[in-house]
Amino acid sequence: MSADLRARDAAAAMLRRRGTTLTLARGGVAYRMTGVVLPMRQRGPESGVLTVSESVTAYLTPVGAGQVPQDGDTLTWLGREFTLRGVETLSPQGALAVLYTAEATR
């Protein structure tokens with residue numbers, strides 16, 4: 001078994017134990033992934049913006065996922081909708097996706 005496969009399976013097991021099933025959507029089509037969402041510090045209003053943005057970091061497992069998350073996908077967590085940005089694929093040896101990470105804002 002390759003190192004990436006062992007790492008992917010270990011990450012997936014951890015996310016299944018500690019995470020939840022999350023709903024993501026792209027172009028009106030929903031798909032589900034298992035992951036963990038961690039709140040980030042709220043940011044105050046940026047210059048020229050009157051609202052406070054809320055950001056979270058999502059850690060998603062590729063195991064059992066029907067889609068690869070992309071920037072612009074929406075993530076529903078605790079009844080709130082966030083937009084993914086900065087989606088990154090952790091793939092230490094480059095052959096197999098081990099984990100997806102993304103910042104999501106609303």
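Any read-out appearing in this document is the output of simple, stated calculations on the displayed coordinates, not a laboratory observation. Since the structure is predicted, the reported quantities are computational estimates derived from the model, not experimental observations. Cβ: placed from backbone, ideal geometry, glycine included. Neighbour counts: every protein chain shown.
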Between D9 and E81, Cβ-based FRET efficiency (R0 30 Å, step 0.05) works out to 0.45
Surrounding charge for G86, neighbours by C-beta under 11 angstrom, Lys/Arg +1, Asp/Glu -1, total -2
The helix 3-18 Cα axis meets the longest alpha-carbon principal axis of the chain at an angle in degrees, between 0 and 90 and rounded to 10, of 50 degrees
Its Cα gyration tensor gives the chain an equivalent ellipsoid whose semi-axes in whole Å, largest first, are 27, 14, 13
Expressed as a whole-number percentage, the relative contact order of the chain with C-alpha contacts under 8 angstrom and at least six residues apart is 28 percent
